[in-house]
1. Just grab the label-to-label distance for Glu163 and Arg347, each label 7 Å out from Cα along the Cβ direction, in nm (one decimal).
2. Give the order of Asp286, Asp430, Asp443 when sorted by the count of other beta carbons within 10 angstrom, beginning with the fewest.
3. Please give, to one decimal in nm, the separation of the simple spin-label points placed at Asn215 and Glu233, each 7 Å out from Cα toward the Cβ.
4. Say the dipole of the chain comes from +1 at the beta carbon of Lys and Arg and -1 at that of Asp and Glu; which of Val350, Phe368, Leu234 then lies farthest toward its positive end?
5. Of the listed values (i) 32.7, 131; (ii) 30.5, 98; (iii) 22.2, 73, grab the one calculated as Rg and Dmax of the Cα atoms in Å from the structure here.
6. Roughly speaking, what is the stretch gain from Val39 to Leu406, that is 0.36 nm per residue apart minus the C-alpha to C-alpha distance, in nm to one decimal?
7. About the Cα centre of the range 1-175, what is the dipole size in debye to 20, counting +1 per Lys and Arg Cβ and -1 per Asp and Glu Cβ, all else neutral?
8. Between Ser115 and Arg226, 0.36 nm times their residue separation minus their Cα-Cα distance comes to what?
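Quick note: the coordinates plus some simple rules give every number you see, no bench work behind them. The model shown is predicted, which means the values in this text are computed figures rather than measured ones. As a convention, Cβ positions derive from the backbone with ideal geometry for all residues, glycine included, and neighbour counts pool all protein chains shown.
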Amino acid sequence: MNAELVSEEELVTPTTRIYAYLALAFSLLVAGAFDQNEVMTAISVLLIFSTIVIRSYVYLMTSVIRSLEVEIEKPEIVREGSTFKVKYYVRNPSYIPLIFLEIITAKPPYLPQVSGGNGALAILPPKSMLEITEEYTARIGKHTFGELRAVVRDPLGLFKSSEIPIGFSFEIKGVPLIEERGIARQIAFTRTIGTTRTRRAGPSGTEFHSVRYYNPGDELRRVVWRVLASRNELVVKEFEIESNLYILLVFLPSYEMFWGKPLNTALEHCLRLIASIAFYSSRRGDNIGLIIWSRKPIISKKFHRGVNAFQSINKMIARVDFDPSLMSTRSIDILIKRHILPILKERTIVLFFLTPSEYLVNSLEKSFHMLHSNKHIVYAVLFPPTEYEVKSLREPLASLYKLKVLPSYESVLDLVKRLRRIGIKTVIVDPETPLTTIIDILDTHRIAL
C-alpha cells in the first residue's frame with residue numbers, strides 16, 4: 001500500500017494504550033472538579049493536551065519516513081545451499097530524529113533464514129544511517145524480497161503510523177548445485193569405453209580414425225607433415241566423430257513437488273537433475289533445449305550446444321518462481337503442438353519430468369502419438385512426492401508414514417504400467433536415485449547411433 005493512498009485518518013492510528021491514558025486524564029479532571037483541586041485539574045488538562053501534541057508529533061514523523069533513503073547490498077545470483085547476506089542501509093537525510101522507528105523486512109516465504117530477524121526497532125538520529133543485515137540459505141529459483149515497511153510510534157506508545165513502504169522490491173536467483181567432478185569422471189569413463197564416438201570419420205573428435213589425401217579447404221593443422229617430408233604426399237588426419245544427441249528436457253511442475261524439507265523437495269531435486277544432465281550433455285556436444293511448463297512458462301526457442309547450452313539452461317532454472325501457486329501445469333496438448341513440435345527438426349529424446357498424477361498421465365496418453373509418429377523417443381521421469389515427505393521424517397515416523405501411503409505407491413505403479421503400455425519409457429526417481437541413472441539412458445541411445 002503506497003503512503004500517498006493512505007488517508008489522513010488511517011495514516012496515524014491510536015493504540016489500545018490511549019484509552020487507559022485518556023481514562024486517567026478524565027478521572028483526574030472529574031476528581032479535581034469534585035474536590036476543587038486545581039493541581040489535579042491542571043494535570044488532567046495537561047494530559048489531554050499532550051495527546052494532541054503527541055499525535056501531531058507522529059504525523060510529523062510520517063513525513064520524515066517518506067524522505068528516508070534506502071540502499072540494498074545483495075548478490076544477484078547465488079548457488080544452491082550456500083549462505084548469503086542481504087544488507088539494508090536506511091538513511092535519514094532530515095534534521096529531525098526518528099524515535100521508536102520500526103523497520104519491517106518482507107522476506108520470501110520459502111527462503112530459510114540463518115540469522116537476523118524480521119526487521120529492526122531503533123532510534124534514527126538526524127543525518128544518520130541504520131544498517132540491517134539478514135542471512136539466508138540459498139534455494140533454486142527466483143525469490144522476491146518486498147519493499148521495506150516503516151512504522152513510527154511516540155515515546156508513550158499512544159499513537160502509531162500505518163506501515164509505510166520505503167525502498168524497493170528486488171529478486172535473488174538461485175542456480176542448482178551440481179557435482180561437476182563426478183560428471184567429469186563419468187565423461188572420462190564413457191570416452192574410455194568408446195560410447196562417445198561413432199565409427200564415422202570426420203574433421204573433429206578426440207580419437208584418431210585414419211588419414212586421407214588433402215582436399216582444398218582442409219585445415220593445415222590436420223596435415224601430417226611427417227608423411228609430407230618422407231613421401232612427398234599431402235595427407236590429413238581424420239578423427240572418429242563424437243556422437244551427438246538432440247535432447248529436450250520438459251519440466252511439468254506441480255504443487256506436490258514442494259513437499260519435503262527445504263533443499264530436499266522433489267522440485268529442487270528435479271531442477272538439480274535437469275541442470276546436471278545439461279552440464280553432462282553440454283560437455284558431450286549434445287544439442288539441448290528446456291521447457292518449464294508452469295503458469296509462467298519458460299521456453300527454449302531453439303536447441304543450444306556446448307557451454308552455451310549449460311549456461312542457458314542454468315539461467316532458465318534460476319528464473320523459476322519459487323511459488324507453489326504458480327506451479328499448476330497447463331495443457332500438455334498445447335505444449336506439444338505450439339512449443340515442442342516446431343523446434344524438433346531432428347530425431348530427439350524428449351524427457352518429461354513430472355509427478356505421477358492421474359491428470360498428467362491422461363494428458364500424456366492423449367498427446368503421445370504426436371511425438372511417436374515423428375519417431376521421437378519419449379521418456380517420463382516420475383518424482384513421487386511421498387518419497388520426499390518420508391525422507392524428511394525420522395524413524396519410526398518414517399516407517400509408519402510409508403504404511404499409511406502404501407496405496408499411493410500402488411497407484412504410481414499402475415500409472416507407470418499405463419505409460420509403458422503406450423510406448424512411453426518410464427523412470428521412477430526418489431531422493432537416492434543417482435544422476436548416472438539418466439546419463440546411462442542417454443548413453444544407451446548414443447551407442448545406437
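1. Going from the Glu163 label point to the Arg347 one covers 5.8 nm.
2. Asp430, Asp443, Asp286
3. Computed distance between label sites Asn215 and Glu233 equals 1.8 nm.
4. Selected residue: Leu234.
5. (i)
6. 124.2 nm
7. In total the dipole reaches around 480 debye.
8. Working it through step by step, the gained length comes to 33.3 nm.
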